[in-house]
Amino acid sequence: MVTAVTVRVPAKVNVQLAVGGRRPDGFHDLANVFLAVGLYDEVTAAPADGLTVTAQGRDVEGIPLDRTNLAARAAIALAELHGIEPDVHLHIAKDIPVAGGMAGGSADGAGALLACDALWGLDTPTPQLLRIAGELGSDVPFPLLGGAALGVGRGERLTALEVSGTFHWVFALADGGLSTPEVYRECDRLRRAGGSGDLAGEVAEPAADPALVAALAAGDPHALARVLVNDLQDAALSLRPALADTIAAGRGAGALAGIVSGSGPTVAFLAADEAGAVKIADALGTSARVAAAPAPGATVLP
Ligand code: C5P
């Protein structure tokens, strides 16, 4: 009899986020290169009558504890697939920044899928878990895999990428999150204002950068730093101009590159090595976190 299952699940940074034009369904086609980093949430699934969610950790007042929480939605979707009731208590121990552009909510969805699957003894095949994850949100499949992967479509269709060595990152956490839909809307607005148009067909098809894929495979932070790119960065900076100062501060402290993580407002700095990362974090102060990549995907803890 299983009493409770805890799954550890990683955050991500987008080392390339190429955003195509807005599609008729409102989403954007992406070439999204995810890298899992060693900041983790833990999702515990325990037997219960009905579905409840609790959370603890930094900024958890910002996350919903009802059925709109991605972890709850994951439990419901998995139960539906198997024709059972989503009877589970989900507890989320948060260490990934909330609404920070590091896919913390998506990580919790992925963690809940795996934790409920184990608690309920379902043994759902991974391709099915990945499919449900993709329906829950564009960023939910990746934390199941971890490592590095290219996401196309909305970002949910994944191909694993080779990554070697260890990349040392520093994440500068901002006060208050940014809304992902709002950042995409601002990206569209800036494209229209720039005269290029914002629709699919008006914007270049997003594609993975071969130099970036090679830098990951080679484990070369200097090469990776030269090609880091986030098409949402201008939109995040437009909504949160102070992020430019954060980027400058990290660069000044020796970062090889600084980039807004996903839709922000977390800023990710790539360091040459571990000592460099610690130095950058010290210069940025208490809001900075050091983390190594690649991190493994969602894992059931013993
Ligand atoms: O898929 P997810 O629920 O994470 O997406 C959140 C929002 O981000 C969407 O409602 C949409 O506004 C925007 N988005 C997008 N194109 C993508 C992924 C997300 O426009 N490929």
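At 7 Å along the Cα-to-beta-carbon direction for both Asp234 and Leu301, put a label point, then send me their distance in nm to one decimal.
4.3
Of the listed peptides 259-268, 200-209, 65-74, 20-29, what is their order by residue-averaged count of other C-beta atoms within 10 Å, with the highest listed first? Don't jump to the answer; show the numbers that get you there.
Details: 259-268: 28.3, 200-209: 14.4, 65-74: 19.8, 20-29: 16.1.
Per-residue mean Cβ counts within 10 Å order the peptides as 259-268, 65-74, 20-29, 200-209.
Over region 235-302, with the other protein chains present, what is the accessible area per residue in square angstrom, probe 1.4 angstrom?
On the way: 2770 Å² over 68 residues.
Heavy-atom SASA per residue in region 235-302 reads 41 Å².
Report in % the part of the accessible area of region 81-232 that belongs to carbon and sulfur, leaving out ligands and nucleic acids; probe 1.4 Å. Mind dumping the intermediate values first?
Numbers: 3250 of 6280 Å².
With neighbouring chains kept in place, the figure for region 81-232 is 52 percent.
Please compute the per residue accessible area over region 1-82 with all protein chains in place, 1.4 Å probe, rounded to a whole number of Å².
That works out to 41 Å² per residue.
Kindly give the semi-axes, whole Å and largest first, of the ellipsoid equivalent to the chain, taking each as the square root of 5 times a Cα gyration tensor eigenvalue. Don't jump to the answer; show the numbers that get you there.
Details: eigenvalues 187, 97, 67 Å².
Rounded to whole Å, the semi-axes are 31, 22, 18.
Determine the gain in length on full extension of the stretch His82-Ala283; use 0.36 nm per residue of separation and subtract their C-alpha separation, reporting nm with one decimal. Mind showing how you got there, number by number?
On the way: separation 201, 0.36 × 201 = 72.36 nm, distance 5.07 nm.
This chain segment gains 67.3 nm when fully extended.
Based on alpha-carbon centroids, what's the gap between region 125-185 and region 223-261 in Å, whole number please?
One Cα centre to the other: 19 Å.
So for the pair Ala242, Val60, with labels modelled 7 Å out along Cα→Cβ, what separation do we get in nm?
The modelled label-to-label distance comes out at 2.6 nm.
Averaged per residue, what accessible area in Å² does region 125-194 show with a 1.4 Å probe, protein chains only? Present the calculation step by step, with values, prior to reporting the outcome.
Working: 3090 Å² over 70 residues.
Each residue of region 125-194 exposes 44 Å² on average to a 1.4 Å probe.
If the label point is 7 Å along Cα→Cβ of Ser196, which residues in region 234-252 have backbone nitrogen under 13 Å from it?
Output list for this probe position: 234-235.
Dipole magnitude of the chain about its Cα centre, charges +1 at Lys/Arg Cβ and -1 at Asp/Glu Cβ only, in debye to the nearest 20? Don't skip to the end; give the middle numbers.
On the way: 20 positive and 34 negative charges, 105 e Å.
Magnitude of the dipole: close to 500 debye.
Can you tell me which of 278-288, 139-149 comes out highest on packing, and rank the rest after it, using the mean Cβ neighbours within 10 Å? Don't skip to the end; give the middle numbers.
Details: 278-288: 16.8, 139-149: 25.5.
The peptides rank, most packed first, as 139-149, 278-288.
Hey, got the dipole for region 168-298? About the Cα centre, +1 on K and R Cβ, -1 on D and E Cβ, debye to the nearest 20?
Roughly 180 debye, rounded to the nearest 20.
The values are calculated or read from the model by the stated rules, or taken from the named source; none is laboratory data. In this text the structure is predicted, and so the values were computed from the model without any measurement. All Cβ positions, glycine included, derive from the backbone under ideal geometry; neighbour counts span all protein chains shown. Each accessible area value is taken on the protein alone, full model and side chains, heavy atoms only, with ligands, DNA and RNA left out. Shrake-Rupley method; radii C 1.70, N 1.55, O 1.52, S 1.80 Å.
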